[in-house]
Structures are given as C-alpha cells and as structure tokens.
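K.L.:
So that we are looking at the same thing, I have put the structure below in structure tokens.
The values are calculated or read from the model by the stated rules, or taken from the named source; none is laboratory data. Because the structure is a prediction, the values reported are computed rather than measured. Here the Cβ positions follow ideal geometry from the backbone for every residue, glycine too, while neighbour counts run over all protein chains shown.
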Amino acid sequence: MHSEIRTGTAQMTAAMLISGTIGWFVVMSGQPVSGVVFWRCFFGAISLLAVCAGLGLLRPGIISLKSTGIAVFGGVAIVLNWLLLFASYGHASISIATTVYNTQPFMLLALGALFLGEKITAAKLFWLTLAFAGMAAIVEAKPATAGGHDGYGLGILLALGAAFFYALAALAAKSLKGTPPHLIALIQVATGVLMLLPTMNFSDLPTDGQSWSILITMGVVHTGLMYVLLYGAIQKLPIHLTGALSFIYPIAAILVDRLAFGHALQPLQLIGAAVILVAAAGMNLGWTPAQFLRARAG
C-alpha cells in the first residue's frame, strides 16, 4: 500500500510539473493558438492511440455509443478550454492566467448544483467567497507589463472561460465512470483534431525543427505522457492527496513564468493568487472554515 502511494505521488508530481511548463511551450512555439491546440491534439492522439492499443482498449464493445457521445462533448469542452487558456497567456501572463484558471473547482461546484442537484454547503460558500476576494485583488492590479488594463482584463476573462469549459469536461467525465480514462483522453484529442482541422492553413506550417519539436513535445509529453501519469496517479492515491498535489501545477507555472520570462507577481497580484489557491485547496481537500482558522492561529 505504501509503495503504491509512493508511486502515485511520484506520478502525480511529474504530471503537475509537466503541466506547469506548458505555458512556456505555448509562448515559445510562436504559433497561433488554434495551431498550437491542433498539433497538441494531433500528436497527442498518435501517442494515446499507441497507449490504448498497448492496453487493449481498441476492441469493439469497450465503450458504448452513449459514452462515446459524452466523451466527444467533453472533448469539445477540453479543446475550448485549451484555446481560451493559451490565448489568455498573451494578455495576463502565464502566472496570472494559471492562477485564475484554478477557479475550476468553483465552476464545477456551480455546475454540480445546477445539473446534479449537489448542495452548496456553508463551507463551500466560504471558499467561494474567499476565491472571489482573491479574484477581486487580481483584477484590481494593473501591471505595466500586461499590455494595458483592457488587455489584462481580457486575459482574466479568457482564463475564467477556460476554467468554465474545464469544469464542463469534468462534469462529462463524472458520467463516464468505469470507462478507461486513456480511451476517454484519446476520444477527446481526436475530437480536437476534427474540430480544428477546418481552421488550419497547411500552406503556412512551421519551417524550423525547433518549432516542430515544441509542438511534438506538447502532444506526446504534455498530453500523452501527462494523461498516463495523471490517470495512473488518480487510481493509486486517496482524493485528498490528489487534491493537495494538484497545486504543484500553478506553483510550477508561476516559477517558470518568473525564470523564463521575468514576470514577477506584484504584491496585490501575489496576495490575490495566494487567496485563490488557498480557497481552491480548501474546496479540494474538504477543509472547514474553522479548521482553516485554527491552522492560521497555530
């Protein structure tokens, strides 16, 4: 049991560190956002196809027609999520966009209450209010490096939109319990290829090896390998540990943004980011306000 938890922890940590570097790859690719997402889906589909074939998941009858439809819906949501998130990087920086994107649990909370009849408890409302306060602090900040306040606000809205579509994809995944997750991921990226194919201009492809290596890495490593590590970890770890380790992602993204592009959070942004991450941690880990306040007092 301890060995399984150690393995799951290593897998989850690796998956989150990989996710934390994706902003750098998006920016350095120099490609339009739609092109980046298309090639991520394309190369991701190739790598996940190999994984699913190796696991024997391509046999007829593995997934029903209804489940396939739900997975396709989730794929549409995931692709829109990537398009919006990657677009937000150019307006609000990788650090801010990733932090705002971590409001996903609250989007899922609202969708769960709306469509699944899940109750919003007082504790969840507390974390939601705290996250809103953190968001207000980030919106109030007007960094000189963000291309102006209008562009900064647009970046925050794009990141919020990305979080909403991620929550939709997570809601779809809740309906696919028992379906092999690697197969779900394959269907999702294949959906992305078909969605974005009409938008592609194949006469204006990257001409240098570095651009292609970045796009291939995003597909194989940030999609294929990351999915395998993430789903492997989820199967091994208790929910609270999965939730705790997920916060490696925004922290890694903030560090990468600082080291690679020199983007440091301003004091008000830093406070807002910390408040959002604490609120999201409280939601994910099931803390009560009293537990949080006792921990602060201690």
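K.L.:
Can you name the residue in the range 1-53 that is of a type in the set (Val, Ile, Thr) and over 28 Å from Ser203 (Cβ atoms) and is also modelled with the lowest pLDDT among such residues? Before the answer, list the steps.
P.N.:
Looking only at the range 1-53, we keep the residues that are of a type in the set (Val, Ile, Thr), and these are 5, 7, 9, 13, 18, 21-22, 26-27, 33, 36-37, 46, 51.
Within this subset, residues satisfying the condition of being over 28 Å from Ser203 (Cβ atoms) are 5, 7, 9, 13, 18, 21, 51.
Numbers: Ile5: 85, Thr7: 90, Thr9: 89, Thr13: 92, Ile18: 96, Thr21: 96, Val51: 91.
Result: Ile5.
K.L.:
Now for a separate question. Checking the conditions here, which among Ala264, Ala253 is within 22 Å of Ala141 (Cα to Cα) and touching a Lys or Arg at 6+ places or on another chain (Cβ under 6 Å)? Quick ask: steps written out before the conclusion?
P.N.:
Working: Ala253 fails: touching a Lys or Arg at 6+ places or on another chain (Cβ under 6 Å).
Result: Ala264 is the single residue among Ala264, Ala253 that is within 22 Å of Ala141 (Cα to Cα) and touching a Lys or Arg at 6+ places or on another chain (Cβ under 6 Å).
K.L.:
What are the residues in the range 72-108 that are among the hydroxyl-bearing types (Ser, Thr, Tyr) and assigned to a loop (DSSP other than H, G, I, E, B), if any? Please lay out each step first, then the result.
P.N.:
Filtering the range 72-108 for residues among the hydroxyl-bearing types (Ser, Thr, Tyr) gives 88-89, 93, 95, 98-99, 101, 103.
Answer for the range 72-108, where residues must be among the hydroxyl-bearing types (Ser, Thr, Tyr) and assigned to a loop (DSSP other than H, G, I, E, B): just Thr103.
K.L.:
Regarding Ile78, is this residue crowded, with 24+ Cβ neighbours inside 10 Å, farther than 24 Å from Ser175 by Cα and at pLDDT 90 or above? Spell out how you get there, then give the answer.
P.N.:
Details: crowded, with 24+ Cβ neighbours inside 10 Å: yes; farther than 24 Å from Ser175 by Cα: no; at pLDDT 90 or above: yes.
Considered against the rule, which asks whether it is crowded, with 24+ Cβ neighbours inside 10 Å, farther than 24 Å from Ser175 by Cα and at pLDDT 90 or above, Ile78 comes out as no.
Yes/no per residue for (1) surrounded by fewer than 18 Cβ atoms within 10 Å (Cβ to Cβ); (2) out of contact with any Ser or Thr (no Cβ under 7 Å at 6 or more places or on another chain); (3) within 23 Å of Ala169 (Cα to Cα):
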{"position": "Ile5", "(1), (2), (3)": "yes, yes, no"}
{"position": "Leu65", "(1), (2), (3)": "yes, yes, yes"}
{"position": "Trp82", "(1), (2), (3)": "no, yes, yes"}
{"position": "Gly90", "(1), (2), (3)": "no, yes, no"}
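K.L.:
Checking Ala273 against (1) assigned to a helix (DSSP H, G or I); (2) over 20 Å from the mean Cα position of the chain (by Cα); (3) within 17 Å of Asn102 (Cβ to Cβ); (4) touching a residue at least 60 places away in the same chain (Cβ under 8 Å), which single condition isn't satisfied?
P.N.:
(2)
K.L.:
For the range 81-103, name all the residues that are among the hydroxyl-bearing types (Ser, Thr, Tyr), more than 16 Å from Arg258 (Cα to Cα) and either in contact with a Phe, Trp or Tyr (Cβ under 7 Å, 6 or more places away or on another chain) or modelled with pLDDT under 90 (or both). Even if it seems obvious, please write down each step before you answer.
P.N.:
Keep residues of the range 81-103 that are among the hydroxyl-bearing types (Ser, Thr, Tyr), which gives 88-89, 93, 95, 98-99, 101, 103.
Now narrow it down to the ones that are more than 16 Å from Arg258 (Cα to Cα): 88, 101, 103.
Matches in the range 81-103: Thr103 only.
K.L.:
Does Tyr231 satisfy being part of a helix (DSSP H, G or I) and farther than 30 Å from Ala141 by Cβ? Before the answer, list the steps.
P.N.:
Details: part of a helix (DSSP H, G or I): yes; farther than 30 Å from Ala141 by Cβ: yes.
In short, yes.
K.L.:
Filtering the range 134-148 down to residues that are loosely packed, with under 14 Cβ neighbours inside 10 Å and assigned to a helix (DSSP H, G or I), which residue is modelled with the highest pLDDT?
P.N.:
Of the range 134-148, the ones loosely packed, with under 14 Cβ neighbours inside 10 Å are 136, 140, 142, 144-145, 148.
In the following step, the residues that additionally are assigned to a helix (DSSP H, G or I) were identified as 136, 140, 144-145.
Numbers: Ala136: 85, Glu140: 79, Ala144: 52, Thr145: 48.
Per the stated criteria, the residue is Ala136.
K.L.:
Residues that are in contact (Cβ under 8 Å) with a residue 24 or more places away in the chain, among the small types (Gly, Ala, Ser) and surrounded by fewer than 18 Cβ atoms within 10 Å (Cβ to Cβ): does the range 180-200 have at least one? Explain how you work it out, then say what you get.
P.N.:
Keep residues of the range 180-200 that are in contact (Cβ under 8 Å) with a residue 24 or more places away in the chain, which gives 180-193, 195-197, 199-200.
If we keep only those that are among the small types (Gly, Ala, Ser) too, we end up with 185, 190, 192.
Now drop any that are not surrounded by fewer than 18 Cβ atoms within 10 Å (Cβ to Cβ), which leaves none.
Within the range 180-200, none of the residues are in contact (Cβ under 8 Å) with a residue 24 or more places away in the chain, among the small types (Gly, Ala, Ser) and surrounded by fewer than 18 Cβ atoms within 10 Å (Cβ to Cβ).
K.L.:
Are there any pairs with C-beta distances below 7 angstrom linking a residue in the range 118-129 that is touching a residue at least 40 places away in the same chain (Cβ under 8 Å) and among the small types (Gly, Ala, Ser) to a residue that is part of a loop (DSSP other than H, G, I, E, B) and surrounded by 12 or more Cβ atoms within 10 Å (Cβ to Cβ), with the two at least 6 apart or on different chains, and if so which?
P.N.:
Close Cβ pairs (under 7 Å, with a partner that is part of a loop (DSSP other than H, G, I, E, B) and surrounded by 12 or more Cβ atoms within 10 Å (Cβ to Cβ)) amount to Ala123/Thr288.
K.L.:
Then there is this: For the range 149-163, enumerate the residues that are surrounded by fewer than 19 Cβ atoms within 10 Å (Cβ to Cβ) and either at pLDDT below 90 or closer than 22 Å to Thr223 by Cβ (or both).
P.N.:
Answer for the range 149-163, where residues must be surrounded by fewer than 19 Cβ atoms within 10 Å (Cβ to Cβ) and either at pLDDT below 90 or closer than 22 Å to Thr223 by Cβ (or both): His149, Asp150, Gly151, Gly153.
K.L.:
Could you count how many residues in the range 179-195 are over 14 Å from Leu55 (Cβ atoms) and of a type in the set (Gly, Ala, Ser)? Talk me through it step by step, then tell me what you get.
P.N.:
Filtering the range 179-195 for residues over 14 Å from Leu55 (Cβ atoms) gives 187-195.
Next, only the ones that are of a type in the set (Gly, Ala, Ser) stay: 190, 192.
So the count comes out to 2.
K.L.:
For the range 232-242, give me each residue that is out of contact with any Asp or Glu (no Cβ under 6 Å at 6 or more places or on another chain) and surrounded by 18 or more Cβ atoms within 10 Å (Cβ to Cβ). Spell out how you get there, then give the answer.
P.N.:
Residues of the range 232-242 out of contact with any Asp or Glu (no Cβ under 6 Å at 6 or more places or on another chain): 232-235, 237-242.
Of everything in the range 232-242, those that are out of contact with any Asp or Glu (no Cβ under 6 Å at 6 or more places or on another chain) and surrounded by 18 or more Cβ atoms within 10 Å (Cβ to Cβ) turn out to be Gly232, Ala233, Leu237, Thr242.
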